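Visitor: One structure, pasted below without further comment.
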Amino acid sequence: MVYPPVPPLDDRSQLIRENMSLVNLVVQRMIPQVPSFMTRDDMTSAAMVGLVDATKKYDLTKGTKFKTFAEYRIRGAIYDEMRKLDWFSRSLREKNRNLTQTMLKLERKLGHSPDENEMAEAMDMSLDEYHDLLGKVSHLGCVSLHETLDHTGEGRSFLDSLQDVDGPTPLDMIESQEITYIVADILEELSEKERLVIALYYYEELTQKEISEVIGVTEGRISQLHSQALTKLRVKLINADLYDNDEQY
């Protein structure tokens with residue numbers, strides 16, 4: 001791989017100074033998405049690493065604005081830091097994997113995305129117990145569309161799967177209508193509330209508290225809907241044969 005020439009140190013320092021406000025903005029937006037033990041200082045430190053990395057890897061000839069490129073690198077650095085901290089337990093990983101596997105098998109059996117009652121029955125749970133499970137694994141979904149499907153941090157993410165890997169960055173595509181059309185096909189089978197949660201969370205960048213006020217349900221319920229929607233998206237991608245082996249999920 002041929003990397004773009006590294007900008008002169010003075011130019012990189014200028015880019016860092018000019019985009020310090022972007023660090024604060026991204027951190028502020030992501031605070032609701034991270035686990036409680038990850039402090040704002042942790043996020044800011046990781047975000048600065050992402051900004052510095054962006055100044056080293058930015059290629060002006062690609063036609064992408066530095067701010068757009070830097071925001072993607074900053075977010076990625078914060079996600080990487082969360083993975084390094086290994087903030088979710090092994091038992092929670094297993095619960096999330098079981099949830100995905102159950103939904104995967106049930107969708108293939110029923111021919112449609114299972115609703116909450118069908119999932120609860122398949123998992124031998126009451127509806128309240130199923131909702132409780134969704135709440136517990138909801139933080140696994142906070143990495144959202146950037147989360148790798150194999151949970152290693154090295155595989156392809158949801159957004160990678162929805163883009164041409166040799167084409168624009170995910171943020172470039174989100175800014176275009178193309179990504180909207182692609183995602184729309186996958187989101188079509190989600191419930192109305194699940195689609196609304198995804199739209200408000202990822203496109204309008206509202207917090208879960210703000211979304212709860214818009215929809216008129218509790219913040220905990222928004223967390224459950226968000227978790228279930230992301231699980232359905234993962235299952236859709238697996239069933240679309242985008243991945244060779246679904247046993248690891």
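The values are calculated or read from the model by the stated rules, or taken from the named source; none is laboratory data. Just so we're clear, the structure is a prediction, and the values are computed from it rather than from any experiment. We place every Cβ from the backbone using ideal geometry, glycine too, and count neighbours over all the protein chains shown.
Visitor: What number of residues in region 103-126 are out of contact with any Lys or Arg (no Cβ under 7 Å at 6 or more places or on another chain) and either outside the structural domain of A229 (by TED's automatic domain parsing) or hydroxyl-bearing (S, T, Y) (or both)?
Guide: 1
One line per residue, one yes/no per condition, for (1) surrounded by fewer than 20 Cβ atoms within 10 Å (Cβ to Cβ); (2) modelled with pLDDT of 80 or more; (3) touching a Leu at 6+ places or on another chain (Cβ under 8 Å):
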position: P114; (1), (2), (3): no, yes, yes
position: M125; (1), (2), (3): yes, yes, yes
position: D132; (1), (2), (3): yes, yes, no
position: H146; (1), (2), (3): yes, no, yes
position: D166; (1), (2), (3): yes, no, no
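Visitor: Ok, one more. May I ask you to verify whether T100 is hydroxyl-bearing (S, T, Y), in a helix (DSSP H, G or I) and not assigned by TED's automatic domain parsing to the domain that holds K136?
Guide: In short, no.
Visitor: Mind checking which residues of region 2-20 are of a type in the set (A, V, I, L, M, F, W, C) and either at pLDDT 85 or above or assigned to a loop (DSSP other than H, G, I, E, B) (or both)?
Guide: Within region 2-20, V2, V6, I16, M20 meet the criteria.
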